[in-house]
1. Does THR183 qualify as being surrounded by fewer than 18 Cβ atoms within 10 Å (Cβ to Cβ), within 18 Å of LEU26 (Cβ to Cβ), among the hydroxyl-bearing types (Ser, Thr, Tyr) and out of contact with any Asp or Glu (no Cβ under 6 Å at 6 or more places or on another chain)?
2. Under the condition of being in a loop (DSSP other than H, G, I, E, B) and at negative phi, which residue from segment 147-160 is surrounded by the fewest Cβ atoms within 10 Å (Cβ to Cβ)?
3. Return the total of residues in segment 1-20 being among the small types (Gly, Ala, Ser), at pLDDT 95 or above, within 25 Å of GLY136 (Cβ to Cβ) and assigned to a loop (DSSP other than H, G, I, E, B).
4. So is ARG169 in contact with a Cys (Cβ under 9 Å, 6 or more places away or on another chain) and part of a strand (DSSP E or B) or not?
5. Can you confirm whether ALA12 is in contact with a Lys or Arg (Cβ under 8 Å, 6 or more places away or on another chain) and within 21 Å of ALA146 (Cβ to Cβ)?
6. Within the group LEU100, LEU144, which residue is closer than 30 Å to GLU2 by Cα, buried (at least 20 other Cβ atoms within 10 Å of the Cβ), of a type outside the set (Gly, Ala, Ser) and modelled with pLDDT under 95?
7. Is one or more of the residues making up segment 109-128 free of Cβ contacts under 8 Å to residues at least 60 places away in the same chain, loosely packed, with under 12 Cβ neighbours inside 10 Å and basic (Lys, Arg)?
8. Do you know which residues across segment 67-83 are surrounded by 13 or more Cβ atoms within 10 Å (Cβ to Cβ) and among the hydroxyl-bearing types (Ser, Thr, Tyr)?
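The values are calculated or read from the model by the stated rules, or taken from the named source; none is laboratory data. This structure is a prediction, so every number in the text was calculated from the model and none was measured. Cβ sites come from the backbone with ideal geometry, for glycine too, and all protein chains shown count toward neighbours.
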Amino acid sequence: MELWKAPLNGSAIHLAVEASCGGTSLGIQMARQAILDGGRVLWAAPELPDGTRFSQIFAGMELTASSRFHAMNLVGNMDQSLQSLMNAAEMLPGVVLVVLDDYCPDSGQLPKDIVTAVNKLIAGSDWTTLLISKGGVAMDSTPLIARGKSKLKTDTVWLLTRPEDNSKRTLWVDGEAIHLRLTEEGFQF
């Protein structure tokens, strides 16, 4: 098995996830990939990723590589927080990935101020932006609903689901199912 690699091509990705299926782990894995490719990563969330999980996915990397991972807390006014994030992304050299993890409430509609701030961040970017949030329950044949997908100006919507009660995961990219297994090292196929 090999680690799955994401396209880091400057697009804006809306990743909607089922609860506890590994959305943050997928973001950490994409951060690792960006750093191994020589880039820099900005991570913004209300809380930092779990240290144990972060260490597992970043295992084997040179210690100096971790200096290209920058974390910020998303607290207070969303517009100000994301403006600070954008300023950092523009000042630091080589930013290729910006991750917003748990940037919105877990359920219901996305608040208008969050939609406005996120769209402003996306519009001003030339890096890959990954938005990670909890998805909603689908009422049709789709596996999950990406809340706010019609309001957020992303290039693509990904869905991460847990079809069974084990380490198997399905990542839906443009309607295509990618079957993965979540291991200590990250998502493999």
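1. When the stated conditions are applied, THR183 passes them.
2. Restricting to residues being in a loop (DSSP other than H, G, I, E, B) and at negative phi, the top hit is SER150.
3. The first filter runs over segment 1-20 and keeps only residues among the small types (Gly, Ala, Ser), leaving 6, 10-12, 16, 19-20.
Now restrict to residues that are at pLDDT 95 or above: 6, 10-12, 16.
Adding the requirement that they be within 25 Å of GLY136 (Cβ to Cβ) leaves 6, 11-12, 16.
This time we only want the ones that are assigned to a loop (DSSP other than H, G, I, E, B), so: 6, 11.
Total satisfying the criteria: 2.
4. Against the criterion (in contact with a Cys (Cβ under 9 Å, 6 or more places away or on another chain) and part of a strand (DSSP E or B)), ARG169 qualifies.
5. For ALA12, the condition - in contact with a Lys or Arg (Cβ under 8 Å, 6 or more places away or on another chain) and within 21 Å of ALA146 (Cβ to Cβ) - is met.
6. Numbers: LEU100 fails: modelled with pLDDT under 95.
Result of the check over LEU100, LEU144: LEU144.
7. Within segment 109-128, the subset free of Cβ contacts under 8 Å to residues at least 60 places away in the same chain is 109-121, 123-124.
Those still in the list that are loosely packed, with under 12 Cβ neighbours inside 10 Å too: 112-113, 123.
When the remaining residues are screened for being basic (Lys, Arg), the result is 112.
Yes: segment 109-128 contains one or more residues that are free of Cβ contacts under 8 Å to residues at least 60 places away in the same chain, loosely packed, with under 12 Cβ neighbours inside 10 Å and basic (Lys, Arg).
8. SER81
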